[in-house]
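Inspection log for the structure reproduced underneath, given as structure tokens.
The values are calculated or read from the model by the stated rules, or taken from the named source; none is laboratory data. Please read these numbers as outputs of a predicted model, since none were measured by experiment. Cβ sites come from the backbone with ideal geometry, for glycine too, and all protein chains shown count toward neighbours. Note: areas computed on protein heavy atoms with side chains; ligands, DNA, RNA excluded. Shrake-Rupley method; radii C 1.70, N 1.55, O 1.52, S 1.80 Å.
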Amino acid sequence: MIPSMSLESGSADRPDTRPRLYDNPLAIRALAHPTRLSLYLLLGRDGPITAAEAGRQLDISQALASHHLRQLAKYGFVVPAEPGDGRERPWRVASTSFGLSDVAHDPELAAAGGILDEVLVERALANLLDWNTRRADWDPAWYELTGTGHSLVYLTREELAEFIDGMQALVAPLVERRRIGDRAARPDDAVPVDITYVVTPLPPTENGG
């Protein structure tokens, strides 16, 4: 299960806030590459940037960044942005969120989604471990709100769908309020926050619990 990833195709210089659904396993496998996912998320955070700038921030060569950005563009995850003052044209994300279409009836798409799930969870764990090394330097009012939570509940499929829809309904207006690349819309004390939730049905215990 891959929830819509909130990071907008609207105008030439603004991404689309409507979720984009993908039904191509090759597209999802392409995004599951750790370097490509890092590039996609970097463009989502920084707005339009060039391959040279992206490579510098991720400590990879401009040529490698350009290659992976072209692969992301091939499947519609990123698009060329309006040119700036430099000779190299920047890139931007095409949409602030995406999900998988008809995954229940496509085993190849489900398998590709599973690979991306694993990469996303590994990235979330790395972010959490990094945060644990930094949070002592932050205002306690911030770090007491972070970390992990856990709940074990018995749900029907319909109730689980209701929960996931509710989570996305909470995130969507916040994405709209803080449009990608619009730094003027961010309060001075706003910081990027990674929200990853994991939903896993469990096998029953020996006693049926």
ask   = Looking at (1) at pLDDT 90 or above; (2) in contact with a Lys or Arg (Cβ under 8 Å, 6 or more places away or on another chain), can you tell me which one residue 27 breaks?
value = (2)
ask   = Of the residues that sit in segment 34-48 and are in contact with a Pro (Cβ under 9 Å, 6 or more places away or on another chain) and open to solvent by 20 Å² or more (accessible area, probe 1.4 Å), which one is farthest from residue 115 (Cα to Cα)?
value = 48
task = Can you give me the number of residues within segment 59-103 that are within 12 Å of residue 22 (Cβ to Cβ) and among the charged types (D, E, K, R)?
result = 1
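Quick check on this structure: which one of 158, 122, 108, 144 is modelled with pLDDT under 90 and not hydroxyl-bearing (Ser, Thr, Tyr)?
144
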query = Name the residues in segment 140-161 that are surrounded by 10 or more Cβ atoms within 10 Å (Cβ to Cβ), under 21 Å from the mean Cα position of the chain (by Cα) and not aliphatic (A, V, I, L, M), would you?
reply = 146, 147
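Anything in segment 168-186 that is open to solvent by 50 Å² or more (accessible area, probe 1.4 Å) and not in a loop (DSSP other than H, G, I, E, B)? List them, or say none. Lay out the reasoning, then the answer.
We begin by selecting, within segment 168-186, every residue open to solvent by 50 Å² or more (accessible area, probe 1.4 Å); these are 168-170, 172-174, 176-179, 182-184, 186.
Matches in segment 168-186: 168, 169, 170, 172, 173, 174, 176, 177, 183, 184.
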key: Residue among 149, 99 that alone is among the small types (Gly, Ala, Ser) and in a loop (DSSP other than H, G, I, E, B)   = 149
key: Failed item, numbered, when residue 60 is tested on (1) surrounded by fewer than 14 Cβ atoms within 10 Å (Cβ to Cβ); (2) in a loop (DSSP other than H, G, I, E, B)   = (1)
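Among the listed residues 44, 55, which satisfies the condition of being part of a helix (DSSP H, G or I), of a type outside the set (Ser, Thr, Tyr) and at pLDDT 95 or above?
Numbers: 44 fails: at pLDDT 95 or above.
Checking each option against the conditions leaves just 55.
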ask   = Would you say residue 5 is under 25 Å from residue 193 (Cβ atoms), in a loop (DSSP other than H, G, I, E, B), open to solvent by less than 40 Å² (accessible area, probe 1.4 Å) and modelled with pLDDT under 75?
value = yes
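Condition check ((1) open to solvent by 90 Å² or more (accessible area, probe 1.4 Å); (2) basic (Lys, Arg); (3) at positive phi) across all residues:
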position	(1), (2), (3)
118	yes, no, no
128	no, no, no
132	no, no, no
188	yes, no, no
194	yes, no, no
201	yes, no, no
208	no, no, yes
